[in-house]
Each structure stands twice: as structure tokens, then as C-alpha cells.
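Coordinate-derived values only; no laboratory data. Model, not experiment: these values are computed from the prediction. All Cβ positions, glycine included, derive from the backbone under ideal geometry; neighbour counts span all protein chains shown.
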Ligand code: ADP
């Protein structure tokens with residue numbers, strides 16, 4: 001798209017290593033494409049093992065000085081980066097809609113959310129506290145302090161190209177740890193634009209590296225093999241997370257894993273149905289459904305199911321499908337062919353399992369990976385479609401009649417990231433929140449992500465927490481000093 005050309009031409013396309021944007025040592029590049037057409041937007045440098053190794057050397061070299069930099073100074077750099085991202089908010093939003101496809105309003109939301117991690121961790125950088133106590137026996141003192149973990153590797157997904165980076169870069173830098181980022185191959189441009197921001201605000205060379213590559217496994221494996229790597233923070237599929245945990249076991253590296261989700265969205269008979277539908281719409285359609293916190297299964301009390309489903313259909317039916325960067329679009333394409341095929345297959349599968357199509361359900365023909373807003377109901381609560389993460393604009397509605405039945409259905413998954421409940425009964429809200437096997441629960445609200453709250457899952461949704469006052473400890477080690 002011609003109007004976007006200037007922006008694309010202004011984004012660095014090199015690897016960001018040792019404070020400079022540079023081509024891959026092999027000279028290789030790969031294409032970043034427009035999900036609305038499949039066309040190439042731009043070519044970017046394609047990191048190889050030797051580039052990853054250069055990033056590691058520079059991170060190791062930067063570690064001591066960065067760890068020794070005054071927390072206030074680390075904080076000021078993060079704060080300056082926050083200000084600059086906000087100043088370039090329009091560019092960041094458009095860039096994300098270009099490489100990811102999703103609708104511009106969703107990208108605008110992500111710029112706000114993603115930038116906030118920089119501000120939050122700028123504030124946390126100066127609040128890394130320890131403690132000092134007398135031992136119970138009275139014959140010694142206990143000092144507890146926190147030190148930066150060392151060099152960290154972040155591997156990020158395409159669905160939130162900015163926020164999944166800042167959520168890792170923010171705490172690492174605040175803690176005093178250098179970080180090497182391997183962004184998703186679908187969406188490297190946002191991370192490169194962020195690296196440019198850090199470069200401009202004076203982050204010392206080596207503290208942040210960005211090594212986009214078209215062969216993630218090959219490039220990340222030697223980094224993880226390197227005993228100088230202290231920490232891996234990954235956001236992506238459970239399958240890849242499991243593999244990375246296996247690799248990290250070799251050197252007993254610290255890990256944070258934000259993996260897949262399969263969020264249940266429970267609507268009880270006493271819920272405010274209008275509010276529940278508004279929340280359901282946000283929980284399902286934020287980011288076009290491409291979010292690990294997305295409501296994946298609607299479990300609705302049989303008495304209110306039709307009222308809920310028909311209003312959700314009304315709301316979802318109003319979405320305007322089009323290229324993410326086009327005026328008026330509220331539902332962009334899926335990110336790539338693989339996601340498109342997977343979403344289309346879930347719907348075909350669900351129908352085979354007895355689901356009824358109430359809205360959409362037909363893949364859109366032609367260029368680009370467009371899939372319409374879709375609502376399925378009469379889905380048996382244990383149908384295979386309820387076990388897989390859909391990652392698209394498809395709402396799957398099942399019914400229940402008792403609270404116990406609802407909770408067991410909600411927990412009948414290997415995942416445990418987010419869950420949502422709608423009820424007006426406070427006792428039930430507490431009771432059900434406590435019984436749900438998930439790291440996060442939204443009560444009468446459809447969006448729960450907040451920089452000030454610990455984000456993360458239980459079961460096979462992951463390990464560790466990002467954001468909140470917990471997030472920075474993922475990049476700190478605890479040291480106990482026994483003092484006489
Ligand atoms: P998604 O299905 O969302 O693309 P993935 O888990 O495949 O999720 O990808 C998330 C991130 O992990 C991306 O940056 C991707 O390049 C990276 N990745 C995928 N496979 C591997 C691997 N074997 N080793 C390291 N990183 C990987």
C-alpha cells in the first residue's frame with residue numbers, strides 16, 4: 001500500500017547488535033509480508049548462528065557495566081523509551097497493522113498497553129528491595145538482596161509484536177540484565193522500531209539486541225547451549241515451550257514460559273447478560289481473536305444461552321472485515337496461511353462434532369487470510385474443538401445447568417491461563433474464581449491484562465509471571481548473606 005511506504009522505508013531492517021543496525025554476516029534476508037494480500041512488504045536481515053553469537057558476545061560484554069548502572073539511570077532510559085514510543089504511537093500502530101494484519105484500533109490499543117510496560121518497569125527499577133532480619137536463634141543476621149540474573153534471551157510471538165517484547169525487555173533492563181530478543185519472523189518490524197527507540201534514548205550498546213531470523217530453532221539453540229546465557233523468557237505455543245524447557249535443562253537456565261491458553265468464559269443464569277455480551281465480545285475479538293487470553297469456550301447457563309448467543313451474534317456480525325490498515329476495518333485478516341487453515345479446520349471440525357453455525361463459518365475466498373466473525377452453538381462441552389486454542393474470530397458456545405458442571409467443564413483442559421466469569425452473586429464469584437484452574441480470572445470483565453498485574457498461567461500454560469511487582473523478579477536472582 002503506497003501510503004504506508006514512507007513508514008516502511010523509515011524502519012531499520014538490519015539486525016540490532018552492539019548498538020548498531022547491521023546486515024546479517026551471510027548477507028541473507030527474508031521477506032515480511034502483508035497478511036491482507038500475501039505480498040512482500042519489505043526484506044529484513046536474516047540472522048544466522050554467527051550473528052546470534054555476536055549478539056551474545058556483546059551482551060556478555062555489556063553486562064557488568066549495565067548491572068552497575070544506577071537504578072535511577074536505568075529507570076530514566078526506560079522512561080525515555082516510553083515517551084518516545086508514545087510520541088511515535090501512530091507509526092507503531094500502523095506498522096503492527098501492516099505486518100500483523102489486524103485492525104488499526106487493536107494496534108492502537110497495543111501501543112498503549114505495550115508502552116505501559118516501559119513506564120511500569122521504569123518505576124520498578126528503583127524499587128528492587130531486599131530485607132534484613134535477625135535469625136530466630138539470635139546469633140546472626142540474615143540479609144537478602146537481589147542481583148541481575150545475567151544475559152537473557154527473549155523469544156516472542158507475532159500476536160502482540162510490541163507488548164510481548166516490552167513485557168520482557170522492560171523488566172530485564174530495569175533489573176540490570178542485558179537481553180537478546182528473537183522476535184517472531186512474521187512481525188520483526190515492530191521490534192526493530194523499538195530497538196531504534198532504545199538506540200535514540202541512549203541505551204548502551206549490547207544491552208539490547210534484536211536478531212530476527214527465518215530459522216528460529218537453528219539460531220536459538222546455540223544461544224541456549226551457551227552457559228553464559230542465564231535466562232530464557234518465551235511466549236508462544238506450548239509445543240515450542242516444552243522443547244525450550246528441555247534445552248534449558250542442559251544448563252539449568254532460569255525460564256519464564258507464557259504458553260497456550262484455552263480460556264473458558266462462564267455466564268451464569270444470574271449474570272447481567274448485556275454486560276456479559278460486551279465482555280464476551282472483547283474477550284473473543286480483541287486482536288481479532290489472536291490472543292492467548294482469548295475466550296476460547298463460552299459456557300453459558302441453558303436458561304440464558306439463546307439470549308446470550310443471539311446478542312453476541314448481533315455484535316460480531318457488525319464487524320467490518322478488511323485490511324487492518326484500511327479506514328473503518330474492525331476485523332483484519334489472520335496472520336498467515338497456517339493460522340487461516342487452522343481456524344477454518346476448527347470450524348469444519350466443530351460442525352462435524354455437531355456444532356451449529358449461527359454466524360459466518362465460511363472462509364473468505366481470494367487473496368489475504370480473511371476469516372469472518374463466526375459463532376457456533378450446540379457444541380458439546382467435551383467436543384474436540386473445545387480442547388484446541390482457536391486463535392481466530394470464532395466463538396464456540398456450549399451450555400450447562402449446574403455450577404459444578406460449569407466448573408468441571410471449565411477445568412477440563414491441559415491449559416490454565418485465563419478464565420472469565422459473569423455473575424451478580426458475590427459468593428459465587430469468589431467460590432468459582434478460587435475453583436478455576438487458571439493463573440488469571442476476570443470477574444464481570446472481558447479484558448484482564450494490566451501492566452500492574454501478574455500475567456501468567458498454571459498447568460501447561462506456563463511458568464513464571466510477567467508484569468506486576470512479580471515481573472522484575474524473573475530477571476533477578478536472590479542472594480542470602482549470612483552475617484554475624
Ligand atoms: P505461534 O504458533 O504463535 O507462531 P510458536 O511457538 O511457533 O507460536 O512461535 C513463537 C516464537 O517461537 C516465534 O518467535 C518463533 O519463531 C519461535 N520458535 C518457534 N519454534 C522455535 C524453536 N524450535 N526454537 C526456538 N524458537 C522457536
For this session: Could you tell me what fraction of 2.2 N^0.38 Å the Cα radius of gyration of the chain comes to, as a two-decimal ratio?
Result: 0.99
Seminar exercise, completed: If N is the residue count of the stretch 82-206, its Cα Rg over 2.2 N^0.38 Å rounds to 1.31
For this session: Treating the angle as unsigned and between 0 and 90°, give the value, to the nearest 10°, between the Cα long axis of helix 188-200 and the longest Cα principal axis of the chain.
Result: 40 degrees
For this session: Can you tell me which of 330-340, 219-229, 184-194 comes out highest on packing, and rank the rest after it, using the mean Cβ neighbours within 10 Å?
Result: 184-194, 330-340, 219-229
Exercise. Going by a ≥ b ≥ c, the root eigenvalues of the Cα gyration tensor, does the stretch 8-119 fall in the rounded group (a/c under 1.5), the prolate group (a/b larger than b/c) or the oblate group?
Worked result: oblate
Seminar exercise, completed: Shape call for the stretch 244-383, from the Cα gyration tensor axes a ≥ b ≥ c (a/c under 1.5 means rounded, otherwise prolate when a/b beats b/c, else oblate), comes out oblate
Exercise. For residue 483 and residue 143 in one chain, what is 0.36 nm times their gap in residues minus the Cα-Cα distance, to one decimal in nm?
Worked result: 121.7 nm
Problem set entry | Cα centroid separation - the stretch 287-360 against the stretch 15-66, whole Å | 35 Å
For this session: Express as a percent, rounded to the nearest 5, the fraction of DSSP beta bridges in the stretch 108-263 (both residues included) that run antiparallel.
Result: 20 percent
Problem set entry | Mean separation of Cα contacts under 8 Å (6+ apart) over length of the stretch 433-484, as relative contact order % | 25 percent
Seminar exercise, completed: Extend 7 Å from the Cα of residue 31 along its Cα-to-C-beta direction; within the stretch 74-108, residues with backbone N under 18 Å of that point are 98-101
Exercise. How far, in nm, would the chain grow between residue 73 and residue 274 when pulled straight, counting 0.36 nm per residue and subtracting the alpha carbon separation?
Worked result: 67.6 nm
Exercise. How big is the shadow of the Cα convex hull of the stretch 328-484, averaged over all directions, in nm²?
Worked result: 14.0 nm²
For this session: Could I have the simple spin-label model distance between residue 458 and residue 388, label points 7 Å from Cα toward Cβ, reported in nm to one decimal?
Result: 2.7 nm
Exercise. If you count, for each residue, the other Cβ atoms within 10 Å and average over each peptide, how do 406-414, 112-120, 158-166 line up from highest to lowest?
Worked result: 158-166, 112-120, 406-414
Exercise. So, by mean Cβ neighbours within 10 angstrom, what's the order for 36-45, 53-62 with the highest one leading?
Worked result: 53-62, 36-45
For this session: Note down the nm distance, to one decimal, between modelled labels 7 Å out along Cα→Cβ at residue 131 and at residue 245.
Result: 2.8 nm
Exercise. What's the angle, to the nearest 10 degrees (0 to 90), between helix 71-87's Cα axis and the longest principal axis of the chain?
Worked result: 40 degrees
Exercise. Which distance in nm do the two modelled labels at residue 424 and residue 225 give, with both placed 7 Å along the Cα-to-Cβ direction?
Worked result: 6.3 nm
For this session: Would you mind calculating the relative contact order of the chain from Cα pairs under 8 angstrom and at least 6 residues apart, reporting the percent as a whole number?
Result: 18 percent
Problem set entry | For the chain, calculated [θ]222 nm from helices alone, where every DSSP H run of n ≥ 4 adds -39500 (n - 2.57) | -12500 deg cm²/dmol
